[in-house]
Amino acid sequence: MPLIRIPFKGGFNKQITQSEAANQWTDGDFVRFRYGEPEKIGGWQQAVSTTLPGVARATHIWTDRDGTEYIAIGTSKGLFLFYGGGIYDISPLETAITGLTFTSTNGSATVTVNKTSHNLSAGEFVVFSSVTMPGSGTGFTAANFTDNPFQIITAATNSFTITMPSSESGSGMTAAGSGTVQSYFPVGSATQTLGFGWGTGTWNGSTAWGSATAASATSLEPANWSLDNYGTILIATIKNGGTFEWNPTDGVTTRATAVTTNPTASVMTIVSDTDRHLVHLGTETTIGNINTQDKMFIRFSDQEDRTDYVPVSTNTAGSFQLDSGSKIVSGARGKDYIFIVTDTSAYIMQFVGPPFTFSIRQVGSNCGAMSQHSLVHVDGIMYWMGKSGGFYAYDGGSVKKLTCSVEDFVFTTQTSDDLGFNFGQSEQVFAGYNTLFTEINWFYCKDGSSQIDRCVTLNYREGLWTTSSLARTAYSDKYVLDNPYATEYNTSGLPSVSINGITNEFGASTLYKHETGDNQLDVLGNKTAINAFIESGDFEMPLEGSAGEFFVKIRRFIPDFGKLNGNAQITINLKDFPSETEASSPLGPFTVTSSTKKVDTRARGRLASLKIENTSTDESWRFGAFRADVQPDGRR
């Protein structure tokens, strides 16, 4: 028989059964499509040895006037900076607490810090200053307290304990010395949680006035940040909290500080483009009063002045109240507008100049966003994951729901193969785009998971969808850098950032440089394989009208790889009926190298499918076409 070419369409189709998906790809991991052909994705390398406390929720890349590059990383425990190959802690600090004294015991590294009604909690990070030691009784110095932050180990009403870098060498202190302490601004929980108690829901939101609201009725949002730059200055806003800035001219050892006269509670902030207003979304109607936060209220500063929010005839400060939805969920900067999505609707906020400064118009309904970071702007189009599932796009005309060939797999558990989506952790969804390969990645928690462990990807140029187990909690495109950067969270990881007594209570986040090589690399260059694979739907004997009547006999196939480094494995899986479990042909799987010209097989079955994979380091591939000697082999 002559060789037959069996074509496969690009992308995954998980909306139909394996036997329906003839000539289509149905499953895979760590693969992408370019020009309709599948290939293993690029590798990643740990960017810095230091790991950060908590789960990273946002990253932002920008440069100063000298072209120096910075990556800001906001985690559930603080704000950090990647610069010059190192990590710097620029977390903002709360109001100082004075009048401390210290108690220590000879031979112990535990120090009790005494302060009546300090209101600090175990697990908080704190910074000491203005420390003095008594003239005798201790081997500790003031610098032992002020060199690095501390994690509070235990806390009581009038005292808390810390762990020193070394043990007390003196006889010990008893409520001696003095000092000042400041805690890190609280960011929030690593996960989305359910709340209890009066006031967690709507007024009188239960069967009896004043009784506790049911946990199922109230969702407490996880820690989050919005990060942007106002010129060279970093603007960092804690979700539903304050706004802070960090100026590169102040140096990397200087912490971010509160932006004077800004609201103290906002869902997020965005710097408008050419007109340079600092825009607060879901913010306070009375600046400085967190009890007036209205999550549908927008406030913007005067042009070129990020501190002036009082509207007068001589400035362009102002505010808006949105009316469709219950809260602003997300926003992103477009070419000449800001795109805002509530839990139900989409709006355009566009600079028009005096006297109105901005115009706002609704452009979509029933299209609410899943999370703060589920929205991205790419090549003039806004893309986002919808609050109830599905994906949407706005191209300047109207909001459209995208056709998605993996939608059921991502959002439901209709079949045993569908992993589903944990809507209880929907606020964790993070969308990042990769212009190197025209991809948008939405990272999410699958059904039953409390942290991000899955990814769904759209090749927006080719309209192709894939899924994978790549787990990244924040992601930034290459921007001014040569590669994308992303973060991975280890729930039990011990952070290595310089904080005395730090534990693994909050887990640790690692920063990776992506699209580099073929492997996973740690900071020392040690390699771990990225085991990528792709699998097709079932194909039948390609004879007109056969419809599975004939058994297929595959005698040999010719490998066709556009790129093949190292080895690839090809498996021909067979079964006689759609409901059966597929199994490899007797001689498979087949190891293929760049010098393999043909592979002899002994494959026979009514339905056959193809699997391509790699299992070792330094292996990568791009698959072309499947050409095989296929012939009918009787009926049964």
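Would you mind counting up the charge near THR193? Only other residues with Cβ under 13 Å from its Cβ, with Lys and Arg at +1 and Asp and Glu at -1.
On the way: positive: none; negative: GLU221, GLU427.
Surrounding charge for THR193 is -2.
At 7 Å along Cα-to-Cβ for each site, give me the label-to-label distance between THR257 and LYS563 in nm.
So the label points at THR257 and LYS563 sit 4.9 nm apart.
Please compute the modelled spin-label separation between ALA583 and ASP250, points set 7 Å along Cα→Cβ, answer in nm with one decimal.
So the two model labels end up 6.8 nm from each other.
Apply the Kirkwood formula to the stretch 67-174: the hydrodynamic radius equals the inverse of the mean of 1/r over all pairs of different alpha-carbon atoms; give it in Å with one decimal. Working shown, then result.
On the way: mean 1/r = 0.0650 Å⁻¹.
The Cα-based Kirkwood calculation yields 15.4 Å.
So which lysines pass the test for LYS598, namely a Cα distance under 21 Å, with those fewer than 8 places away in the same chain ruled out?
Within reach: LYS553, LYS563, LYS611.
Once the Cβ-Cβ distance between THR412 and LYS335 is put in as r, and R0 is 35 Å, what FRET efficiency do you end up with, to the nearest 0.05? Show your work: numbers first, answer last.
On the way: r = 35 Å, r/R0 = 1.01.
The value I calculate is 0.50.
Mind checking the per residue accessible area of the chain for me, 1.4 Å probe, whole number of Å²? Mind showing how you got there, number by number?
Numbers: 25930 Å² over 636 residues.
On a per-residue basis, the chain sits at 41 Å².
Measure out, as a whole number of angstrom, how far apart the alpha-carbon centroids of the stretch 341-375 and the stretch 275-299 sit.
A separation of 15 Å, based on Cα centres.
Can you spot the lysines whose alpha carbon is less than 21 Å from LYS513's alpha carbon? Ignore those fewer than 8 places along the same chain.
In chain and number order, the partners are LYS40, LYS478, LYS527.
So between SER313 and THR110, what do we pick up on full extension, going 0.36 nm a residue minus the alpha carbon distance?
Values: separation 203, 0.36 × 203 = 73.08 nm, distance 5.90 nm.
Here the segment from SER313 to THR110 would lengthen by 67.2 nm.
May I ask you to give the percent of accessible area on the stretch 86-199 that is carbon plus sulfur, with a probe radius of 1.4 Å?
Details: 2500 of 4950 Å².
On the stretch 86-199, the fraction of accessible area on carbon and sulfur atoms equals 51 percent.
Between ARG461 and THR615, what's the calculated FRET efficiency when r is the beta-carbon distance and R0 is 51 Å? Round to 0.05. Show your work: numbers first, answer last.
Values: r = 30 Å, r/R0 = 0.59.
Here the calculated transfer efficiency is 0.95.
Ignoring ligands, DNA and RNA, please state the percent of accessible area on the stretch 255-323 from carbon and sulfur, probe 1.4 Å. Provide the component values of the computation, followed by the final result.
Numbers: 1390 of 2890 Å².
Here carbon and sulfur together make up 48 percent of the probe-accessible area.
Could you order ASP518, ASP477 by accessible surface area, starting with the largest, using a probe radius of 1.4 Å? Show your work: numbers first, answer last.
Working: ASP518 40, ASP477 10 Å².
Accessible-area ranking of ASP518, ASP477, largest first: ASP518, ASP477.
Give the peptides 287-293, 386-392 in descending order of average Cβ contacts within 10 Å, highest first.
Working: 287-293: 13.6, 386-392: 19.0.
Result, highest mean Cβ count within 10 Å first: 386-392, 287-293.
Rounded to the nearest 10 Å², what accessible area does ILE16 show when all protein chains are kept and the probe is 1.4 Å?
Spelled out: ILE16, probe radius 1.4 Å, area about 60 Å².
Lysines near LYS400 by alpha-carbon distance under 23 Å, same-chain residues fewer than 8 away left out - which ones?
List returned: LYS14, LYS327, LYS335, LYS387.
Report the relative contact order of the chain, percent, no decimals, based on alpha-carbon pairs under 8 angstrom and at least 6 residues apart.
Working: 1799 pairs, mean separation 103.2, N = 636.
16 percent.
Expected output is a single nm value to one decimal: the length gained when fully extending between VAL352 and SER189, i.e. 0.36 nm times separation in residues minus the C-alpha distance. What is it?
Details: separation 163, 0.36 × 163 = 58.68 nm, distance 3.92 nm.
The VAL352-SER189 span can extend by a further 54.8 nm.
Run the simple label-point estimate for SER169 and ASP66 please: 7 Å along Cα→C-beta, distance reported in nm.
A separation of 3.8 nm, rounded to one decimal place.
Roughly how many percent of the accessible protein surface of the stretch 489-636 is carbon and sulfur, given a 1.4 Å probe and a whole-percent answer? Write down the numbers at each step before the final one.
Details: 2970 of 6810 Å².
Ligands and nucleic acids excluded, carbon and sulfur reach 44 percent.
Report, in deg cm²/dmol and to the nearest 500, the calculated mean residue ellipticity at 222 nm for the chain, where each DSSP H run with n ≥ 4 adds -39500 (n - 2.57) and the sum is divided by the residue count.
Details: 2 runs with 10 residues, N = 636.
Calculated from helices alone, the mean residue ellipticity at 222 nm is -500 deg cm²/dmol.
What FRET efficiency would be calculated for the residue pair THR403, ILE290, taking the C-beta separation as r and a Förster radius of 56 Å, to the nearest 0.05?
On the way: r = 43 Å, r/R0 = 0.76.
My answer for the efficiency is 0.85.
Of the chymotrypsin sites (Phe, Trp or Tyr not before Pro) in the stretch 25-97, which ones lie in a loop per DSSP and count no more than 15 other C-beta atoms within 10 Å?
Values: sites: TRP25, PHE30, PHE33, TYR35, TRP44, TRP62, TYR70, PHE80, PHE82, TYR83, TYR88; in loops: PHE30, TYR35.
Answer by residue number: TYR35.
The values are calculated or read from the model by the stated rules, or taken from the named source; none is laboratory data. Being a predicted model, the structure only gives us computed values, none of them experimental. Please note: Cβ atoms are built from the backbone with ideal geometry, for glycine as well, and neighbour counts cover all protein chains shown. Heads up: the accessible areas ignore ligands, DNA and RNA and are worked out on the full protein's heavy atoms, side chains in. Shrake-Rupley method; radii C 1.70, N 1.55, O 1.52, S 1.80 Å.
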